[in-house]
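Just below is one structure, and these are the notes that go with it.
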Amino acid sequence: MDAQPSRSDRADVPAADLAAIASSEVLHRTRSRLEPHREAIATLRRKRWTFAQIARWLREHGVNVTPSSVHRFWRKRSSVDPMEDPPASALPLSKTSVSRQPQPQKQKHRFNLDI
């Protein structure tokens, strides 16, 4: 059995050496059974398929999943590609496109009594 280095030995390793050690570590496989199908799910989402439709399609192709598991996988694994154009809803509005006029404030009475 390998002996673990003491806490004081581990604290003496420079950060550059830790980066080199970390890059040589074994890549751990993801636990999700949907990870191999990530591109297929992304393609179907771009085609506006619902998570229930995707789950049904995956079950027809031998992957036993529920719509909620597909949704959870998509929510955790998907991200906006920084090279892709942002959607129109993410663009800031110009100041001339929306102009709000201040609304006059009505005087409020505490007990709605005619005074």
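The values are calculated or read from the model by the stated rules, or taken from the named source; none is laboratory data. Not measured: the values here are computed from a predicted model. Positions of Cβ are generated from backbone atoms using ideal geometry, with glycine treated the same way; all protein chains shown enter the neighbour counts.
The table below gives the values:
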{"item": "Residues located in the range 25-40, provided they are surrounded by 12 or more Cβ atoms within 10 Å (Cβ to Cβ) and either more than 15 Å from Ser78 (Cα to Cα) or under 16 Å from the mean Cα position of the chain (by Cα) (or both)", "result": "Ser32, Arg33, Leu34, Glu35, Arg38"}
{"item": "Selection count, the range 57-81, where residues are surrounded by 15 or more Cβ atoms within 10 Å (Cβ to Cβ) and more than 19 Å from the chain's Cα centre (by Cα)", "result": "4"}
{"item": "Matching residues in the range 50-71 - criterion: being assigned to a helix (DSSP H, G or I) and of a type in the set (Ser, Thr, Tyr)", "result": "Ser68, Ser69"}
{"item": "Of all residues in the range 8-24 being exposed (fewer than 10 other Cβ atoms within 10 Å of the Cβ) and assigned to a loop (DSSP other than H, G, I, E, B), the one that is modelled with the highest pLDDT", "result": "Ser24"}
